[in-house]
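Single-structure report; data block below.
The values are calculated or read from the model by the stated rules, or taken from the named source; none is laboratory data. Keep in mind that this is a model prediction, so the values were computed, not measured. Positions of Cβ are generated from backbone atoms using ideal geometry, with glycine treated the same way; all protein chains shown enter the neighbour counts. Accessible surface areas use protein heavy atoms only, side chains included; no ligands, DNA or RNA. Shrake-Rupley method; radii C 1.70, N 1.55, O 1.52, S 1.80 Å.
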Amino acid sequence: MPLVAHTPLPTFQRLKQEGQTVLTGDYALRQDIRAMHIGLLNMMPDAALAATERQFFRLVGESNQIAQFYLHPFTLDALERGPKGREHIQRYYEPWEKIQEEGLDALIITGANVTQVDLSLEPFWEPLIEVIDWAYENVTSTLCSCLATHAVMQFRYGQARRPLGFKRWGVYPHRVVDRAHPLVAGVNTRFDVPHSRFNEISREQFEAAGLKVLAESEEAGVHLAVSEDQFRIVFFQGHPEYDIISLLKEYKREVRRYAEGGRPDYPPIVQNYFTLKGEAILEEYRELLNCALARGETPPEFPEGLLIEQLDNTWHDTAEAVINNWIGNVYQSTHIDRKRPFRDEVDPQDPLGRRQGD
């Protein structure tokens, strides 16, 4: 929760300049504290629908132990669903029309599986644009994850993602670029983030669109960036919401695809994720699997249990810190009426009050 500058102590101003949230005494006395309403547009396929909910709900819930959050999951009708996915959505998700009617303080948009090189050819393209345009006018801040980042960059800023020619797959070290920005206040200046993607938006593309990069990796590229107003749209290109086993589950699925003939090559090791012992276990399994396939035998069981014991989570604490900063700044900017995005005194083009010197 934010500090209150109840005296003229210079430390308060110094902390504010460093990106900390500091309220004036007068405003703190006038605050009408209420719960926050955060939407989750879940575009993931059925197999990952519930897991993605848990990941983002956990990240929000653990980020702040004082504030109260109402999470409102919804999805797009244009996304293809099976019977179980439709049942889950019908039972637990809210209609898009209800989201529009009641309003939100903040919105998170997940990634999605795609089949087209050009995102504008995907069936969810137009409905997604409708959601993001509505959110920009009615929600304090929207956080876009991976594919959602690529979609917004294409239709709002004219910057289409570019194929890497391979899968960026692993856990990579990142460095904070602007240490004074409130979204990275108190965050380690170096931290890890998982990535899993075939395409990217480069730093040059973000900057060409007039956006601000906040954290990037020499190997994996930009992870965290913000819109030209520095807050109303937050871009993630990595997956800080991932559980410790998320990449392991992805790897296991790719190995199974190989074993079943769904991919011609054995999947490469996920970078910077497994320990040396874990990689040795996987190499031994690869040899056993290839021998079994050559002999027409049943493939050996994937050594998931042995690998889980070797995994380390090196990104979750930083992810919580960034989300906590995001939520805290939403709380300080949003209107008491959740149908309205900002308090009357907040400039929508500069909600954090950081652009005066630009």
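Of all residues in the stretch 134-144, at least one satisfies being in contact with a helix residue (DSSP H, G or I) (Cβ under 8 Å, 6 or more places away or on another chain), under 30 Å from LEU23 (Cβ atoms), of a type in the set (Phe, Trp, Tyr) and at pLDDT 95 or above.
Of the residues contained in the stretch 81-91, none is found to be more than 24 Å from GLU126 (Cα to Cα), part of a helix (DSSP H, G or I) and β-branched (Val, Ile, Thr). Filtering the stretch 294-322 to residues that are open to solvent by 20 Å² or more (accessible area, probe 1.4 Å), within 18 Å of GLU284 (Cα to Cα) and in contact (Cβ under 8 Å) with a residue 24 or more places away in the chain leaves PRO299, PHE302, GLU304, LEU306, ILE308, GLN310.
Could you please let me know if ASN290 is touching a residue at least 40 places away in the same chain (Cβ under 8 Å) and farther than 30 Å from VAL139 by Cα? So ASN290 does not fit the description; no. Scanning the stretch 39-48 for residues that are touching a helix residue (DSSP H, G or I) at 6+ places or on another chain (Cβ under 7 Å), crowded, with 22+ Cβ neighbours inside 10 Å and farther than 18 Å from GLN68 by Cα gives LEU41, ASN42. Condition test on GLN310, is it modelled with pLDDT under 95 and either of a type in the set (A, V, I, L, M) or within 28 Å of the chain's Cα centre (by Cα) (or both)? Considered against the rule, which asks whether it is modelled with pLDDT under 95 and either of a type in the set (A, V, I, L, M) or within 28 Å of the chain's Cα centre (by Cα) (or both), GLN310 comes out as yes.
Got at least one residue in the stretch 331-342 being basic (Lys, Arg), touching a Pro at 6+ places or on another chain (Cβ under 9 Å) and under 30 Å from VAL4 (Cα atoms)? Scanning the stretch 331-342, I find no residue that is basic (Lys, Arg), touching a Pro at 6+ places or on another chain (Cβ under 9 Å) and under 30 Å from VAL4 (Cα atoms), so the answer is no. Quick check on ASP337: is it charged (D, E, K, R), closer than 30 Å to GLU102 by Cβ, at pLDDT 95 or above and in a loop (DSSP other than H, G, I, E, B)? It is false that ASP337 is charged (D, E, K, R), closer than 30 Å to GLU102 by Cβ, at pLDDT 95 or above and in a loop (DSSP other than H, G, I, E, B).
Where strands (runs of 3 or more DSSP E) sit wholly within the stretch 148-252, those with at least 3 residues that are more than 17 Å from the chain's Cα centre (by Cα) and touching a residue at least 24 places away in the same chain (Cβ under 8 Å) occupy 162-176.
Filter the stretch 253-272 down to residues that are open to solvent by less than 50 Å² (accessible area, probe 1.4 Å), under 13 Å from TRP169 (Cβ atoms) and not in a helix (DSSP H, G or I), then give me how many there are. Qualifying residue count for the region: 2.
With respect to the conditions (1) touching a residue at least 60 places away in the same chain (Cβ under 8 Å); (2) open to solvent by 50 Å² or more (accessible area, probe 1.4 Å); (3) in contact with a strand residue (DSSP E or B) (Cβ under 9 Å, 6 or more places away or on another chain); (4) closer than 25 Å to TYR242 by Cα, GLU102 falls short on a single one, namely (4).
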